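Report on the structure given below.
Readers should treat all values here as calculations from the given coordinates under stated rules, not as data from a laboratory. For clarity, every value in this text was computed on a predicted model and none was experimentally measured. Backbone-built Cβ (ideal geometry, glycine too); neighbour counts: all protein chains shown.
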Amino acid sequence: MLLATSAGADMEEFEVQAEVAGAHAVVVVAGEIDAATAPLLKDKLLELVATGVERLVVDLRAVTFIESIGLGTLVAARKRLSVGDKNLCLVIGDDQANIRGPFEITRLDHVFPIHSTREAAIEDCLSEPAA
Amino acid sequence: MSSSNGTPTPIELEIPARPEYVGLARLVVSSLASSRRTLADDRIDDLKLAVSEACTNAIEAHVDVDVSERVLLRWSEADDHLQVQVEDRGPGFDPRSLPSHPPVTDPERLNFERGLGIPLIRSLVDRVEFDPSDAGTSVRIVMFCGPAELDAEIDGEVLPPGFSTAG
């Protein structure tokens with residue numbers, strides 16, 4: 001199943017797509033995550049959780065900018081998933097220092113496992129059945 | 001863009017207090033930083049994020065009290081630094097009133113979705129001052145840097161084929 005959200009003309013570069021398989025989902029985000037776009041991401045993540053998704057991989061490799069409200073959005077989604085260390089993993093490329101940095105500064109890299117490839121994130125977070 | 005005494009004239013940008021205009025503020029500030037100063041790309045990213053966080057806070061301050069006035073950004077320069085001032089007309093914000101977050105190892109940490117912007121700004125820039133008043137809040141962000149060196153190799157970047165540095 002493919003779910004897509006795209007913003008209006010002012011934010012046409014922002015996009016969220018989700019591929020759902022049972023209780024697992026891979027969410028691919030593209031564009032800038034700030035106060036204008038974070039609500040779209042939050043809606044999509046919470047919608048997935050509401051429909052029964054228990055584990056998420058959020059691929060941020062096509063994200064070019066992230067503000068703290070984007071970090072808060074991921075915290076909000078993580079909170080609504082069942083207890084577990086690997087219920088929400090992130091994919092951030094090794095060359096995306098501007099995306100990885102805010103997670104490191106706020107120490108949220110200790111809350112979200114971060115992988116540099118989608119395959120590694122899926123292997124780490126989605127390879128076992130959800131709790 | 002200089003006054004009679006050689007000091008660069010400040011540049012001002014007013015944006016409507018709506019989140020969709022913060023991207024424009026980021027674009028203008030990062031363009032000014034990269035074209036007018038010698039600042040490594042990662043430091044420009046730091047500046048861009050700090051200004052974005054300050055603008056988002058300013059817009060939220062306006063929305064909270066239903067103020068329709070614009071948010072003002074003022075860019076200014078000196079020999080050894082640049083400064084970006086973000087001014088709002090909200091009710092005045094005291095950064096010392098921010099609750100401290102539990103450690104990331106504490107499950108309670110997940111109850112704090114907001115309040116990361118100010119700590120991020122403090123970490124990213126060389127100096128930041130918050131000046132709250134009844135008329136609004138002014139955030140002054142300072143980054144130390146040199147003037148633009150248009151023909152120099154900056155931060156180890158490889159120049160395109162056909163270009164070379166002097167000497």
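Which condition from (1) in contact with a helix residue (DSSP H, G or I) (Cβ under 9 Å, 6 or more places away or on another chain); (2) more than 12 Å from chain B (Cβ to nearest Cβ); (3) among the charged types (D, E, K, R) is the one that A:R78 breaks?
(2)
Under 7 Å between Cβ atoms, at least 6 apart or on separate chains: pull out the pairs that start in region A:89-117 with a residue that is within 12 Å of chain B (Cβ to nearest Cβ) and of a type in the set (A, V, I, L, M) and end on any residue that is assigned to a helix (DSSP H, G or I) and surrounded by fewer than 20 Cβ atoms within 10 Å (Cβ to Cβ).
From region A:89-117, the pairs are A:A97/B:D42; A:I105/B:S123; A:V111/B:R109.
For A:A36, are the conditions met, namely being in contact (Cβ under 8 Å) with a residue 24 or more places away in the chain, assigned to a loop (DSSP other than H, G, I, E, B) and facing chain B (nearest Cβ under 9 Å)?
Against the criterion (in contact (Cβ under 8 Å) with a residue 24 or more places away in the chain, assigned to a loop (DSSP other than H, G, I, E, B) and facing chain B (nearest Cβ under 9 Å)), A:A36 qualifies.
Condition first: within 11 Å of chain B (Cβ to nearest Cβ), surrounded by fewer than 24 Cβ atoms within 10 Å (Cβ to Cβ), within 18 Å of A:P113 (Cβ to Cβ) and out of contact with any helix residue (DSSP H, G or I) (no Cβ under 7 Å at 6 or more places or on another chain). Now tell me which residues in region A:39-75 satisfy that.
none
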